[in-house]
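Right, one structure below, let's go through it.
The values are calculated or read from the model by the stated rules, or taken from the named source; none is laboratory data. Bear in mind that the values here come from a model prediction, so they are computed numbers and not experimental data. We place every Cβ from the backbone using ideal geometry, glycine too, and count neighbours over all the protein chains shown.
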Amino acid sequence: MPGFEIFGEEERKHVQDVLNTGVLFRYGFDGARQGHWKAKTFEQTLAKRANVPHCHLCSSGTAAVGIALAACGVGAADEVIVPPFTFVATFESVLMAGAIPVFSEIDETLCLDPKALEKKLTARTKAVMPVHMCGAMAQVDELKEFCQRKGLILIEDACQSVGATFNGQWLGTFGQMGCFSFDPVKTITCGEGGAIITHDQKAYELAQAFADHGHDHIGNDRGAEDHPIMGLNYRISELNAAVGLAQLLKLDDILAKQRANKDALKTAMSEYKHISFRKLPDKKGDSATFLSFMMPDESQARRITKKLAEAGVDGCFYWYDNNWHYLRKWHHLKNMKAAAKLPAQLFNHCPDYNSLSLPQSDAIMSRTISMLIKLSWTRQDLDKRIAAIKNIFDEHKY
Ligand SMILES: *Cc1c(COP(=O)(O)O)cnc(C)c1O
């Protein structure tokens, strides 16, 4: 999965370009930068790949989600429907926008269940934010249809799924805005970085202004720029953008390698009739960063997770016990622990997350194991891994 496995000459060259000019800032310094615009080139390249008119590169995926919420007009006391299986950044960004995360069930796509949304609607519901987890898609066509029917904003957290598609269309392009992360362990990395993409010109303009103190970035005189809104600093540096640009140009190779490696594992595991797999609404569009499979029940999932670790099959995750990715162990959220006092509207309107019950999600997550797909595996590594897995499954008569 992670692009850091394949750093090479390309990353070094783009970083060296930037160091040679001395211009680490993404805006201005036109003469000094000798034609090197790493952030801008990244944005144009990603937008072209995703087939959208606008992309803005920023400092992290968390920043991207925050920027998307602001640019789409989600703010104080608005409710945003999110899944309980994601990275903490999703709900953090909602809370920091002054809005309220409302958790709704996932289905066997491991993403928001379109059929469960209706029950979560209130007069305050403003947006739905599906998270395309572990490299693959939610049932995004149905989520989009629901949002259109109800007049809600659709923001896609595609931080883990750059390059993945649904019916040939990039994830992140179905709603008003899509968000990506290029942190050190994502499919491609800037070191730290993120991006938003959108079809909406107005939302894009707000996003790029919000990400840089509200500067409008119109004209060449930075000092004379207007400030249509207030913002913050979520800028990327040219150094990070340079690493990301080299990685972005390798995306097709990365995806092809992941898909081949995943295919070999999945084919071998498909022989076992008591093992099922994550539902993929469009198999061809999977970016194949993980192979997620379901055991018949929780105790067997726990036993097999342990057996896999003992057999040296590394990179297996039992998310149900994981405090980064599943709500069950988000004690800081459940107790609303923040560094400083949160805005009053959050305390007035946030549900009690401690007593929240999501039985459908629990039933799925307690049976699910995800295996990280690596780029650096040799054929031998893969054969060894397959043999070790089959050994365990045979022993338990799956
Ligand atoms: C990684 C991730 C983020 C945040 O990205 P950062 O670049 O680490 O800030 C947000 N949402 C999801 C689903 C992620 O996996």
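Here are some notes:
- Per this entry, Gly73 is not counted among residues that are surrounded by fewer than 24 Cβ atoms within 10 Å (Cβ to Cβ), more than 12 Å from the ligand (Cβ to nearest atom), modelled with pLDDT under 95 and not in a helix (DSSP H, G or I).
- Test result for Asp286, crowded, with 17+ Cβ neighbours inside 10 Å, in contact (Cβ under 8 Å) with a residue 60 or more places away in the chain and farther than 28 Å from Ser370 by Cα: no
- Unmet criterion (only one of (1) within 19 Å of Pro281 (Cβ to Cβ); (2) small (Gly, Ala, Ser); (3) within 16 Å of the ligand (Cβ to nearest atom)) for Gly168: (3)
- Residue pairs whose Cβ atoms lie under 6 Å apart, sitting 6 or more positions apart in sequence or on different chains, and linking a residue in segment 309-325 that is assigned by TED's automatic domain parsing to the domain that holds Ile386 to a partner that is surrounded by 14 or more Cβ atoms within 10 Å (Cβ to Cβ) and among the small types (Gly, Ala, Ser), are Ala311/Ala388; Val313/Ala388; Phe317/Ser370; Tyr320/Ser366.
- Taking segment 95-126 as the range and being part of a loop (DSSP other than H, G, I, E, B) and farther than 22 Å from Asn322 by Cβ as the test, the residues that pass are Ala97, Gly98, Ala99, Leu117, Leu121, Thr122, Ala123, Arg124.
- Qualifying residue in segment 38-45 (condition: outside any helix (DSSP H, G or I), touching a helix residue (DSSP H, G or I) at 6+ places or on another chain (Cβ under 9 Å), within 16 Å of the ligand (Cβ to nearest atom) and touching a residue at least 12 places away in the same chain (Cβ under 8 Å)): no
- Residue within segment 117-134 that is in contact (Cβ under 8 Å) with a residue 24 or more places away in the chain, polar (S, T, N, Q) and either within 11 Å of the ligand (Cβ to nearest atom) or closer than 14 Å to Ala158 by Cα (or both) present: no
- Every condition in (1) within 16 Å of the ligand (Cβ to nearest atom); (2) outside any loop (DSSP other than H, G, I, E, B); (3) of a type in the set (D, E, K, R); (4) touching a residue at least 40 places away in the same chain (Cβ under 8 Å) holds for Glu92 except the one numbered (4).
- Filtered by the rule that a residue be more than 18 Å from Phe91 (Cβ to Cβ), in a helix (DSSP H, G or I) and charged (D, E, K, R), segment 314-367 gives a lone residue, Asp321.
- Residue list for segment 51-69, restricted to those being among the aliphatic types (A, V, I, L, M) and surrounded by 24 or more Cβ atoms within 10 Å (Cβ to Cβ): Leu57, Ala63, Ala64, Val65, Ile67, Ala68, Leu69
- Among (1) modelled with pLDDT under 95; (2) farther than 26 Å from Ser93 by Cα; (3) touching a helix residue (DSSP H, G or I) at 6+ places or on another chain (Cβ under 8 Å) - the single one Gln258 does not satisfy: (1)
- Exactly one residue out of Ala207, Ala242, Ala224, Ala246 is touching a Ser or Thr at 6+ places or on another chain (Cβ under 8 Å) and assigned by TED's automatic domain parsing to the domain that holds Gln169: that is Ala207.
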